[in-house]
Every structure is written in C-alpha cells, then in structure tokens.
1. If the label point is 7 Å along Cα→Cβ of ALA126, which residues in segment 31-70 have backbone nitrogen under 16 Å from it?
2. Which shape class, rounded, prolate or oblate, goes with the chain when its Cα gyration tensor gives a ≥ b ≥ c as root eigenvalues, a/c under 1.5 marks rounded, and past that a/b bigger than b/c marks prolate?
3. Which distance in Å, rounded to a whole number, links the C-alpha centroids of segment 208-238 and segment 66-85?
4. Sequence-distant or interchain residues sharing an amide H contact under 5 Å with TYR109, placed H: which?
5. I want to verify a result. In a Gaussian network model of the chain, Cα cutoff 10 Å, which of these has the top mean-square fluctuation: LEU186, LEU226, LEU75?
6. Using R₀ = 22 Å, calculate the FRET efficiency as 1/(1 + (r/R₀)^6) where r is the Cβ-Cβ separation of MET173 and ALA35; round to 0.05.
7. In whole Hz, with x marking every Gly and Pro, tabulate ³J(HN,Hα) for segment 43-49 from phi via Karplus 6.51 cos²θ - 1.76 cosθ + 1.60, θ = phi - 60°.
8. Dipole of the chain (Lys/Arg Cβ +1, Asp/Glu Cβ -1, origin at the Cα centre): which of ALA35, SER113, ALA77 lies farthest to the positive side?
Amino acid sequence: MEYRSNARIEPRSIEMSEIARFMSRVYGWMMLGIAMSGLVAWQVSSSPALVETIFTNRGLFWMLVILQFGAVIVLSAAINRLSALAAGFIYFAYAALTGVTLSSIFLVYAQDSLLSMFLLTGFAFAGLSAFGFVTKKDLGPIASFCMMGLFGLIGFSVLSMFFPSLMSSGASMAAGVIGVLIFSGLTAYDTQKIKSLHRPGFAGTESDRKLAIYGALALYLDFINLFLSLLRLFGRRR
C-alpha cells in the first residue's frame, strides 16, 4: 500500500533553507581564509630569514600592505565583473598577504595567549553573528556609527606610525577597547547585510558563489580585526 503525505512545503521554510545554505557557504569561505592567514603567519614567523627580510625592509613591508588594500578594493568594487574563480583567487591571495604581515604577532605575543584570544574571538564572533542573523531590527544606524569610529581609528593608527609617541600604553588600550566595540557592531551588521544578499533560485550559480566570497571577505575582516583588538587589550607579551 502506498501512502502519500498531504503536507505542503511552505515557501518560507524553503527560503530559510536556502538562506542557511548560502550563509554556511559564506562561513566556510571565511574559515578557509582565516586558516590560510594563520598557516602563512606561522610559517613566516618560523623563518628568521623571512622575518628579517620582511620587517627590516620598509619598502617591501609597505608594498605588501598596499597589495592587501588593493586586493580588498578590487574584490569589493569589481565583484560583479569577476568570475567566481578569479574572486576566490584574490580572496586567498589577500588572506595569504594578511598572514605575512600578521606574522609578527607570533614574535610579540606568547603562543598560549594567541590561542586563548583566538578562541575568545571565535566565541564572541559566533554570538555577534548569530544576533545579526536572527534580529529583525535594522542595524544600519549602528553600522554608520561604527564606520565613523573606524575612520577615526584608522587615522590615529596612521598618525602613530609617523609619531610613535602617540601610541602610549593608555592610548593603545583605548584603541583596543574602541576596536572591540567597532568590530562587534560591524560583525552583527555585516551578517545581517550578507543574509539579505541571498536571492531565491540562485543556488549553485556563478553569482551565488561570488556573493558568498564577497560576504566571506567582510566577515573575515571583522574577525581578524576583532581578534587583534582583543589581543591588544588582553594579550600577554613574550
């Protein structure tokens, strides 16, 4: 005897299933990028010759920083014109470059401190991203406030490179606190924004893959900067 269910699959449940699939792909790309950065940073820090070459040659170091900014700009501005393969390549190239420039943290901070701050960042990020995913409240105003703070923080960081005396212990702690607040807000907002990028019926398409990479880049940036801010506040130096 054959039984047939009369239950109907609601469009809303289908939509939520597609959104969950899309976000899982975003988080997957994000975690791959973080893994790439961590592996490269550890490899570079393990080579005294590479460390000396990168961090004693200011021209080379600044070239790497400029390439990082260039990769973010290209991926953000040209995502619609790039293929998914090209977008993925640029994303991983950026993650690798970030690993190179962040390798110095393995030399400055104790390894157990790096691990504990990474785990703390992971738990905080998961909670903030989950909030951004489920909340119905528009987080746009929070994002606007965070972006203003971010520009101020970037300006202060640039000035401190030319005037190191600005970066006193108190100023460094204040920058860490502000950074945690900024990137906590941006994590929740970016998750909400990325969730809205999903389009029904786009599963598996070129556009779907590119949007997942674009979203992963935004969350990657939030995670890394939240980690660095917490490390600045609570990290134990060697």
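Derivation of every value follows stated rules applied to the coordinates shown; laboratory data play no part. Here the structure is a predicted model, which is why all the values come from computation and not from measurement. Glycine also receives a Cβ, built like all others from the backbone with ideal geometry; neighbour counts cover every protein chain displayed.
1. Inside the label zone: 31-32.
2. Taking the square roots of the gyration eigenvalues as a ≥ b ≥ c, the chain is prolate.
3. A separation of 18 Å, based on Cα centres.
4. ARG238
5. LEU75
6. Efficiency, from the Cβ-Cβ distance: 0.15.
7. Ordered by residue, 3J(HN,Hα) equals 5, 5, 5, 7, 10, x, 5 Hz.
8. Positive-most Cα among the choices belongs to ALA77.
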